[in-house]
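Student: Dropping the structure in here first, questions after.
The values are calculated or read from the model by the stated rules, or taken from the named source; none is laboratory data. Please read all numbers here as calculations on a predicted model, not as lab measurements. Every residue, glycine among them, receives a Cβ derived from its backbone with ideal geometry; neighbour counts consider all protein chains shown. Ligands, DNA and RNA are stripped out before the accessible areas are found, and what is left, the full protein with its side chains, is counted by its heavy atoms. Shrake-Rupley method; radii C 1.70, N 1.55, O 1.52, S 1.80 Å.
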Amino acid sequence: NDAALIEPFCFGNGCPCGNADAGAGCANSTGQGALLQAASGSTSVLQDDLVLAASSLPANTTALLFFGGGAIAAPFGDGFLCAGVRGTRIWRLAAATSDPAGTLAFGPGLVAHSEAHLPPAGELQACTSYYFQLWYQDPTGPCGSGVNLTNALALRFVP
């Protein structure tokens, strides 16, 4: 993948209940924060080969991959909501369940999935930046809200 087109951000600093993890999202019930990263592929809409992977999730938990058109930083559950802009749409791209090791992956085929399952305004387009994040259930998390989020990724899609 092209590092210039993929920028991780929204790491676990200043978390809601002191559950910091400077290398991922705010810490969860595993004792560390969940990390969202580009595991392989590129941000090319034509190749549509990008794979996003999350690790350090609670085992066998429900997770939702979503994206928005901007970046914010708002406390949410046991972490921070960073993908989206107040007053604009956040698009849910996919749902999955983490494996017993607390990992999961989305892709390849994220662009095709957006075209098949979202209205035109939510389709991933070339020459556009999107902000991705993963929401997940964490019933025994440190702050007691029952949910948390990974760090976020700013992805610039190219033709």
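Student: Checking the structure you have, find out if any residue of the stretch 106-118 is closer than 30 Å to Gly31 by Cβ and in a strand (DSSP E or B).
Tutor: Looking through the stretch 106-118, at least one residue is closer than 30 Å to Gly31 by Cβ and in a strand (DSSP E or B).
Student: I've got another one for you. In the stretch 43-55, which residues are in a loop (DSSP other than H, G, I, E, B), open to solvent by 30 Å² or more (accessible area, probe 1.4 Å) and either of a type in the set (S, T, N, Q) or within 13 Å of Asp99 (Cβ to Cβ) (or both)?
Tutor: Gln47 - this is the single residue of the stretch 43-55 that is in a loop (DSSP other than H, G, I, E, B), open to solvent by 30 Å² or more (accessible area, probe 1.4 Å) and either of a type in the set (S, T, N, Q) or within 13 Å of Asp99 (Cβ to Cβ) (or both).
Student: Still on this structure: List the pairs whose first member sits in the stretch 107-129 and is within 15 Å of Val158 (Cα to Cα) and in contact (Cβ under 8 Å) with a residue 40 or more places away in the chain, whose second member is of a type in the set (Val, Ile, Thr) and assigned to a helix (DSSP H, G or I), and whose Cβ atoms are under 8 Å apart, counting only residues at least 6 apart or on separate chains?
Tutor: Taking only residues 6 or more apart or on different chains, the pairs are Leu124/Val111.
Student: Please go through (1) open to solvent by 40 Å² or more (accessible area, probe 1.4 Å); (2) of a type outside the set (A, V, I, L, M, F, W, C); (3) under 24 Å from Ala121 (Cβ atoms) for Pro16 and return the number of the only condition it doesn't satisfy.
Tutor: Among (1) open to solvent by 40 Å² or more (accessible area, probe 1.4 Å); (2) of a type outside the set (A, V, I, L, M, F, W, C); (3) under 24 Å from Ala121 (Cβ atoms), Pro16 violates only (3).
Student: Would you say Gln133 is of a type in the set (S, T, N, Q) and open to solvent by less than 10 Å² (accessible area, probe 1.4 Å)?
Tutor: Yes; evaluated as a whole, the condition is true for this residue.
Student: Could you say whether any residue in the stretch 69-91 is aromatic (Phe, Trp, Tyr), in a strand (DSSP E or B) and within 21 Å of Ser44 (Cα to Cα)?
Tutor: Scanning the stretch 69-91, I find at least one residue that is aromatic (Phe, Trp, Tyr), in a strand (DSSP E or B) and within 21 Å of Ser44 (Cα to Cα), so the answer is yes.
Student: Does Val158 satisfy being modelled with pLDDT of 95 or more, touching a helix residue (DSSP H, G or I) at 6+ places or on another chain (Cβ under 8 Å) and open to solvent by 20 Å² or more (accessible area, probe 1.4 Å)?
Tutor: yes
Student: Does Ala116 satisfy the condition of being surrounded by fewer than 13 Cβ atoms within 10 Å (Cβ to Cβ) and either within 13 Å of Tyr136 (Cβ to Cβ) or of a type outside the set (Lys, Arg) (or both)?
Tutor: Yes, satisfied.
Student: Only one of Ala59, Ala24 is open to solvent by less than 10 Å² (accessible area, probe 1.4 Å) and not in a strand (DSSP E or B); which?
Tutor: Criteria check complete, one pass: Ala24.
Student: Any residue that is within 15 Å of Leu155 (Cα to Cα) and either among the acidic types (Asp, Glu) or in contact with a His (Cβ under 7 Å, 6 or more places away or on another chain) (or both) - is there at least one of those in the stretch 79-100?
Tutor: yes
Student: Give me the pairs, please: first residue somewhere in the stretch 82-106 and open to solvent by less than 80 Å² (accessible area, probe 1.4 Å), second residue anywhere and at pLDDT 95 or above and of a type in the set (S, T, N, Q), beta-carbon distance under 6 Å, and either six or more positions apart or on two chains.
Tutor: Sorted first by the residue in the stretch 82-106, then by its partner, the pairs are Cys82/Gln133; Ala83/Gln133; Ser98/Thr61; Gly102/Ser56; Thr103/Ser55; Leu104/Ser98.
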